[in-house]
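A quick write-up on the structure given underneath.
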Amino acid sequence: MRFVDEYRNEPDARKFLHAIAGMVTRSWTIMEICGGQTHTLIKSGIDRMLPEEVTLVHGPGCPVCVTPLELIDRAIAIARRPEVIFTSFGDMLRVPGSGTDLLSVKAQGGDVRMVYSPLDAVELARKHPDRQVVFFAVGFETTAPGNAMAVWQARQLGLTNFSILCSHVLVPPAMEAILGSPDNQVQGFLAAGHVCTVMGYWEYEPLAEKYRVPIVVTGFEPLDLLQGIYMTVKALEEGRWAVENQYTRSVTRQGNVPAQRLMQQVFEVCDRGWRGIGTIPNSGYRLRPEFAAFDAEQRFGVETIRTEESPVCIAGEIMRGIKKPHQCAAFGTLCTPEHPLGAPMVSSEGACAAYYSYGRA
Amino acid sequence: MEAPTSSVQRPTFAVQCPIPISEYPIVTLAHGGGGRLTQMLIERMFVPAFAPQGEASRNLALEMLHDGAILQTDGAARLAFSTDSFVVSPRFFPGGDIGSLAVHGTVNDLAMCGARPLALSVGFILEEGLPMDELWRIVQSLAAAAKCAGVNVVTGDTKVVERGKADGIYINTAGIGVIPAGVDIAPRRAQAGDLVLINGPIAQHGIAIMSVREGLAFETAVESDSAALHGLVGSILDCAGDRVHVLRDPTRGGVSSTLNEIAGQAHIGIQLNEASIPIDEQVRGACEILGLDPLYVANEGKCLAIVAREAGEAVLAALRDHPLGRGAAIIGEVVADHPGKVVLRSRIGGRRIVDMLSGEQLPRIC
């Protein structure tokens, strides 16, 4: 298949692996930001093909994993209301809240529907004027433009029965939180190619400079990742720190400017809680006051919910790159995809699910 | 599970529901996804109930856990017996409909026992309000598929439920077939050195259904591979006889769930080569877009054959000679390493375990 097979062939993979092995002189710890990258690494077996000096740790870039428990409980409370059609991307449906998950709400009679785009939710609202349609707007900068467009369109259409439950998160503040933490072990980053397709990479330049850490914007195919790792190791070995772009077929320094403009019109930056990590200042988006009518939290006035995390889950340490999934006492025993204790075991992008599914115990 | 109410001695297993109620107090869709939760229902609830351990008369036919049961009659003949229910939505999809599917599903379960299908039963559960003309089209399609497969519908049943109590129409079919002498198909016969073959590109049925259900438009429509496979199986058996060790149709849960079941039952390892698994460009593209792994997507006209290594090339040739096997390929082998596990060699030469799916595959956020 064009544009896929070119990035998945064995001879080129061997060349990169050979080049990395020939260059590395000491151990390095590199974090891939995005859960999609984690899955490609494990699914194609790259983690086991690299020289032992190169350790990959898995970053917080899985929207399902970092969405706060409290918000999932709110989603569940809203989805249970009889007038609501609750819409979400597929992999949010199985994430455990304090007591249950959205799929179970569906099994108990809640109208919970999986959609492929927030614009499908707007269309549902248009078709069902007698129902309240809520979209669970989670994710990083990658999904923010689509969600902004949904709200924008709903306003254009004059819809009064559409709202979003918003929990957007931003990558650069999370990277800064990891780098600034006293137990940080990360020496180089593979930045998330899709986030940078929207945002560009100029935001990362001050981070690379301040923490003297190489950041390579990297794609999602096996050869993208191998090249990204090669570029990061090369920079580390040469003592350079800068932002470099491996994913040139998709990413420019400025990013997608019209998308950024739309996001700024609809959203504003706010402090945001990250599941397993805690609150990070200026690390999220919320709706601007002029779009408050589309805010599901305000519309449904869900009161404060008492949440309860599993005491044994170490998701936070995993997402900060301090521990690996199989170092968790509950991994594969108390915590499995059938009975997840934390979100990284649920999402197809979660590090624990990747380790479990692809047999990294 | 309900406790027996009569004075019949209560078997110990029935005292408590064996599936931890605390985890699953209600049935979820994932219990029907063909993955680990479905397997859990079968292994922990159904099999212990219907084939209790430690009883004098064992239920060997069920214990085999094959696509169909193999029954020894008083004479020399062995019968295959199987049943399947069809709840597909939408009822009409590119490449088939619920009627033709209801024939193909059960005929294929019989074929995977190595049997020649003899007769089918059909049970309809109809929802009040189903347009008569739709029912007629489905019945016509079912009749045509049965005729094409050379099998008669010999008995049936009809129930109608109130509007809102079903989704238009559900169909159950059951079938019996005769297993020719010299054929011995069973998961336990898979042994190290055997080759794993498939008769064509994977994941077409699941993607065809999803494209209609979710309104996803592709450049050309992906058609379901729904087809009756007993003819194809007949030509494999003619060619290799008892060197054909296992046959399975990878329906719900896809190729990986089926191979995991076989690996578990036969205590052998299976090694797959990703680059040799046939898949159409359209289907692969759809899976890439949706974030689905085609190894877990349903098929309705595919047969996995595990055959003795020396018969591999001949079986491949026989498959490719058949209209339903033109895209056949050898996709892997049975190994003595990692018993119970399926390991895949990726396109770039890495290795990973291909596990059974836990519920249904859910499309990713981004």
Total residues in the range A:82-112, condition part of a loop (DSSP other than H, G, I, E, B), of a type in the set (S, T, N, Q) and more than 9 Å from chain B (Cβ to nearest Cβ) = 2
Does A:Gly219 count as touching a Gly at 6+ places or on another chain (Cβ under 6 Å) and either surrounded by fewer than 21 Cβ atoms within 10 Å (Cβ to Cβ) or among the acidic types (Asp, Glu) (or both)?
-> no
Quick one: would you say A:Ala292 is closer than 30 Å to B:Ser256 by Cβ and either aliphatic (A, V, I, L, M) or at pLDDT 90 or above (or both)?
-> no
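Regarding A:Asp73, is this residue within 11 Å of chain B (Cβ to nearest Cβ), not hydrophobic (A, V, I, L, M, F, W, C) and not in a loop (DSSP other than H, G, I, E, B)?
On the way: within 11 Å of chain B (Cβ to nearest Cβ): no; not hydrophobic (A, V, I, L, M, F, W, C): yes; not in a loop (DSSP other than H, G, I, E, B): yes.
No: the conditions fail for A:Asp73.
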B:Arg243 versus (1) away from chain A (no Cβ under 14 Å); (2) under 27 Å from B:Gly32 (Cα atoms): which is the lone unmet condition?
-> (2)
Name the helices (runs of 4 or more DSSP H) wholly within the range B:30-82 that hold at least 1 residues that are without any contact (Cβ under 8 Å) to a residue 12 or more places away in the chain?
-> B:60-63
Taking the stated definitions as given, is A:Ser98 assigned by TED's automatic domain parsing to the domain that holds A:Asp130, surrounded by fewer than 18 Cβ atoms within 10 Å (Cβ to Cβ) and farther than 17 Å from A:Gly36 by Cα?
-> yes
With the checklist (1) in contact with a helix residue (DSSP H, G or I) (Cβ under 7 Å, 6 or more places away or on another chain); (2) within 9 Å of chain B (Cβ to nearest Cβ); (3) part of a loop (DSSP other than H, G, I, E, B) in hand, flag the one item A:Tyr116 doesn't pass.
-> (1)
Residue list for the range B:269-293, restricted to those being away from every other protein chain (no Cβ under 12 Å) and either farther than 23 Å from A:Ser44 by Cα or in a helix (DSSP H, G or I) (or both) = B:Ser276
List every residue pair whose Cβ atoms sit under 9 Å apart, with the two residues 6 or more apart in sequence or on different chains, where the first one lies in the range A:22-41 and is assigned by TED's automatic domain parsing to the domain that holds A:Met231 and the second, anywhere, is of a type in the set (Gly, Ala, Ser) and surrounded by fewer than 20 Cβ atoms within 10 Å (Cβ to Cβ).
-> A:Gly36/B:Gly291
Out of (1) more than 10 Å from chain B (Cβ to nearest Cβ); (2) modelled with pLDDT under 90, what's the single condition that is false for A:His39?
-> (1)
List the pairs whose first member sits in the range B:247-276 and is on the phi > 0 side of the Ramachandran plot, whose second member is buried (at least 22 other Cβ atoms within 10 Å of the Cβ) and small (Gly, Ala, Ser), and whose Cβ atoms are under 7 Å apart, counting only residues at least 6 apart or on separate chains?
-> B:Gly253/B:Gly34; B:Gly253/B:Gly35; B:Gly254/B:Ala203; B:Gly254/B:Ala298
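Determine, yes or no, whether A:Asp91 is in contact (Cβ under 8 Å) with a residue 60 or more places away in the chain and in the same structural domain as A:Arg272 (by TED's automatic domain parsing). Write out each step before concluding.
Working: in contact (Cβ under 8 Å) with a residue 60 or more places away in the chain: yes; in the same structural domain as A:Arg272 (by TED's automatic domain parsing): yes.
Against the criterion (in contact (Cβ under 8 Å) with a residue 60 or more places away in the chain and in the same structural domain as A:Arg272 (by TED's automatic domain parsing)), A:Asp91 qualifies.
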Condition broken by A:Phe331, with the remaining ones in (1) aromatic (Phe, Trp, Tyr); (2) crowded, with 20+ Cβ neighbours inside 10 Å; (3) closer than 23 Å to A:Ser181 by Cα satisfied | (3)
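The values are calculated or read from the model by the stated rules, or taken from the named source; none is laboratory data. Since the model is a prediction, treat every value here as computed from it, not as a measurement. A quick note on method: Cβ atoms are made from the backbone with ideal geometry, for glycine too, and the neighbour counts reach across all protein chains shown.
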